[in-house]
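Below is one structure, written out as structure tokens; comments come after it.
The values are calculated or read from the model by the stated rules, or taken from the named source; none is laboratory data. Computed from a predicted structure; not experimentally measured. Glycine also receives a Cβ, built like all others from the backbone with ideal geometry; neighbour counts cover every protein chain displayed. Protein only, heavy atoms only, side chains kept; ligands, DNA and RNA dropped before computing areas. Shrake-Rupley method; radii C 1.70, N 1.55, O 1.52, S 1.80 Å.
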Amino acid sequence: MAEELALLVADVFEAAGALRRAGEALAGAEGQTQARWQLMSVVSEESLPVARAARRLGVARQGVQRIANELVRDGLAEFRDNPDHRTSSMLALTPSGRGALEAITARAEAAHRVMGEGIVQADLATLRALLRRLTEQTDQWAAAEAAAAAAEAGTGTGAEAGGAKRGTRSRAATDRLPE
């Protein structure tokens, strides 16, 4: 099981790389980058503070802030007042930004039809469900690892004090994952 999961992880990274390259090509055809496309997509439904957009994308706020500033500079987005927080503006798309996003999205839809040729829709749904489950279980494992590390640091029973063997925390955290 562990070996198959390791191979799946390698396959997911390889697929992610191929999809990233395709995304760069799709966005590039419209004069954008994949990072700009992702940020425009995240704020397309609702205006968000940069920090919240970064959390949704799973990347550092500083990088998202740089891209947000570029989008604003290029007239594709704007900062709006945040009614909940005076110092944390909301990022929103401008009409030009919506147009750029729609053009990239149309290119992506056409590309997805080609990429998905010969793949049964039910197989895609099964794969998505499996990836969501794996993501959830991975997040649970990471949270358990962080909690265990924090507990070790707080009690002084970590490996630095000679009280824990390498790998003990991982087994304990893994045991808490759902079947």
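Observations on the model:
- Taking a ≥ b ≥ c as the square roots of the eigenvalues of the Cα gyration tensor, the chain is oblate, since a/c reaches 1.5 or more and a/b is not larger than b/c.
- Segment 12-112 - percent of accessible surface contributed by carbon and sulfur, probe 1.4 Å: 50
- In a simple Cβ point-charge model (Lys, Arg +1; Asp, Glu -1; nothing else charged), segment 88-132 has a dipole of about 120 debye relative to its Cα centre.
- Summed side-chain charge close to Ser47 - residues other than Ser47 whose Cβ falls under 12 Å, Lys, Arg +1, Asp, Glu -1: -3
- In the chain, the DSSP-assigned H stretches of four residues or longer account for a calculated mean residue ellipticity at 222 nm of -22500 deg cm²/dmol, using -39500 (n - 2.57) per stretch and the full residue count as denominator.
- Inter-part distance, segment 129-153 to segment 1-51, computed on C-alpha centroids, equals 22 Å.
- The label point for Arg128 and the one for Leu19, both projected 7 Å from the Cα toward the Cβ, are 1.1 nm apart.
- Net charge contributed by nearby residues that have their C-beta within less than 15 Å of Asn69 (K/R +1, D/E -1): +2
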